[in-house]
Amino acid sequence: MSIIDDLKSEAAQTAAATYQLLKVESANDTLHRAATQPVPNMLFSQCWFEQEICFLFADTGLGKSILAVQIADAITRGQALPGFRMEAQAQPVLYLDFELSDKQFQSRYSNNYQNNYPFSPHLYRLQVDRDKIDIPDDIETSLKTDIETAVLDKGAKIIIVDNITWVKTETEKAKDALPLMKYLKGLQRTHNLSILILAHTPKIAESTPITQNDMAGSKHLMNFVDSAFALGQSHKNGRLRYLKQIKVRACEAIFTTQNVVTLQIEKQNNFTGFHVLDYGKEYDHLKPLKEVENEIRAQKIIELKRSNPALSNRQIAREVGTNAMKVTRVLNSLEPQQNTKPYETDGEPF
């Protein structure tokens, strides 16, 4: 067989190849096609871009919902939050709120339930309609259908889900996480959406930096998203939070361990939101390890004394790995109003 025959045979085999799922093309073809597509704009600085699925996670009570509503408000107005950047034009946002009641929402965006903050008319809040007489058994399927209907009805390209447990309560399990993320990916690709998903974390150690492993179900969920950022509690002040990027694909991470954003919740013009104070290192917001260890040791002392009041301070000290003086100080600080005299020191001065 000649070289020409070999080439013809190879060409025939290539032309006959069919694929059920995969698209096979050269890298150059990919680049040429990408060059015809618009460049995604920033929605929330380098943390979230258009056509990305993004996670915002934090421990309970740190203000995830407050920040998410603030981001939604900024997008509907086409105005970036002070201290952050936004390139996208003003556009509608669908905010799926499965956390707050109507009155709880109003309390954050009014002055004692008076003079409501004037949101853009293009910010739509979606809730389960409790007034429906017939609630379907398959709520999950109905919610998915209604979300897609709202996307088409309102012409929205931005969705914020508050929070991920609206579909499954056990998202840390692969059998629950996989269908959920496949659905969101499919919805995002079908309608060219940008989706921000709020998620909880288990209790984060106060002395260690935040990582992707701190998000509930991270092993199964983080692989499906394009970006992620988190809020942490600052040890400096109970009112302070810090923002850190956890995952990024579209650009270089800016808000890293060496450059987190220090934030404080304030209410201005009847709007509860975060305000940027400064930028700094994450370690400045973390509780010193020695302090954490002392707190753990003190808790062990208290638990031992409560479980066995007959134990002497010396015995507790040996059990915990400290001295009787430390045990005495901890126990004397416990419910002082009920102590008519301090715990004995076993004859050891302090």
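The values are calculated or read from the model by the stated rules, or taken from the named source; none is laboratory data. Values in this document were obtained by computation on a predicted structure and should not be read as measured data. A quick note on method: Cβ atoms are made from the backbone with ideal geometry, for glycine too, and the neighbour counts reach across all protein chains shown.
Okay, here's what the table says:
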read-out	value
Residue that is surrounded by the most Cβ atoms within 10 Å (Cβ to Cβ) [pool: residues in segment 56-86 that are over 29 Å from residue 209 (Cβ atoms) and in contact with a Ser or Thr (Cβ under 6 Å, 6 or more places away or on another chain)]	76
Selection from segment 50-80 of residues that are under 22 Å from residue 247 (Cβ atoms) and among the hydroxyl-bearing types (Ser, Thr, Tyr)	60, 65
Condition check for residue 252: assigned by TED's automatic domain parsing to the domain that holds residue 201, among the acidic types (Asp, Glu) and at pLDDT below 95	yes
Unique match (being in a strand (DSSP E or B) and either at pLDDT below 80 or hydrophobic (A, V, I, L, M, F, W, C) (or both)) among 296, 316, 246	246
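Let's see how each residue does on (1) closer than 21 Å to residue 197 by Cβ; (2) modelled with pLDDT of 85 or more:
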| site | (1), (2) |
| --- | --- |
| 100 | yes, yes |
| 106 | no, yes |
| 109 | no, yes |
| 117 | no, yes |
| 133 | no, no |
| 154 | yes, yes |
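Condition check ((1) assigned to a helix (DSSP H, G or I); (2) surrounded by 10 or more Cβ atoms within 10 Å (Cβ to Cβ); (3) at pLDDT below 65) across all residues:
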residue: 19; (1), (2), (3): no, no, no
residue: 31; (1), (2), (3): yes, no, no
residue: 43; (1), (2), (3): no, yes, no
residue: 51; (1), (2), (3): no, yes, no
residue: 54; (1), (2), (3): no, yes, no
